[in-house]
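The values are calculated or read from the model by the stated rules, or taken from the named source; none is laboratory data. This structure is a prediction, so every number in the text was calculated from the model and none was measured. FYI the Cβ positions are ideal-geometry reconstructions off the backbone, even for glycines, and counts take in every protein chain you see.
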Amino acid sequence: MLVFLRNVQTNIMFVLSGICAMIALFACLTRYPSKKRKTAQLVMALSTMILLITEILQEYYSGDTTPVGYWMVRICNFLVFLTILLVIHSFTLYLADLIRADLGQPVPKEVQLLKEDQENMQELFSQTAIALVSAIDQDQDYTKRER
């Protein structure tokens, strides 16, 4: 059974990414939820779709010793890290809007603290991305790969 699941894992991930794309499309077309909730749903669906696709690409290129394989694995790992943060962030935004709008209650302090933590994580992520891009642009010794 595990061998069968291992063989069809990529196909399952493609199907799930297609489902995420359809959910994103439906989130764009609906009128009922508020704009914040709709945006959170859209970001959550699209980031999950990108997460699944980058996992597929990372698995496909892992073990490839060409420069394309080397960079694809690193870029895909970076995108997996990014999209996980986006999913968590969009879920928190969705939950905060749900509590505030539908339940008519103030957003709990824990959720507000999560928002602040996520903003700090986004700042850290953007600084990391800038440092990575500048290191690649400068082509420093630690970014060169021995062949």
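Some values worked out for this structure:
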{"item": "Residue match in the stretch 57-70 (condition: touching an Asp or Glu at 6+ places or on another chain (Cβ under 8 Å) and closer than 30 Å to LEU98 by Cβ)", "result": "no"}
{"item": "Pairs where the first residue, in the stretch 86-106, is farther than 30 Å from LEU52 by Cα and modelled with pLDDT under 85 and the second is part of a loop (DSSP other than H, G, I, E, B) and among the polar types (S, T, N, Q), C-beta under 8 Å, 6+ apart", "result": "ALA101/SER34"}
{"item": "Any chance VAL73 is among the β-branched types (Val, Ile, Thr), within 20 Å of the chain's Cα centre (by Cα) and not in a loop (DSSP other than H, G, I, E, B)", "result": "yes"}
{"item": "Residue within the stretch 90-100 that is surrounded by 13 or more Cβ atoms within 10 Å (Cβ to Cβ) and acidic (Asp, Glu) present", "result": "yes"}
{"item": "Residues (of a type in the set (Val, Ile, Thr), over 30 Å from ASN77 (Cβ atoms) and not in a loop (DSSP other than H, G, I, E, B)) located in the stretch 98-129", "result": "ILE99"}
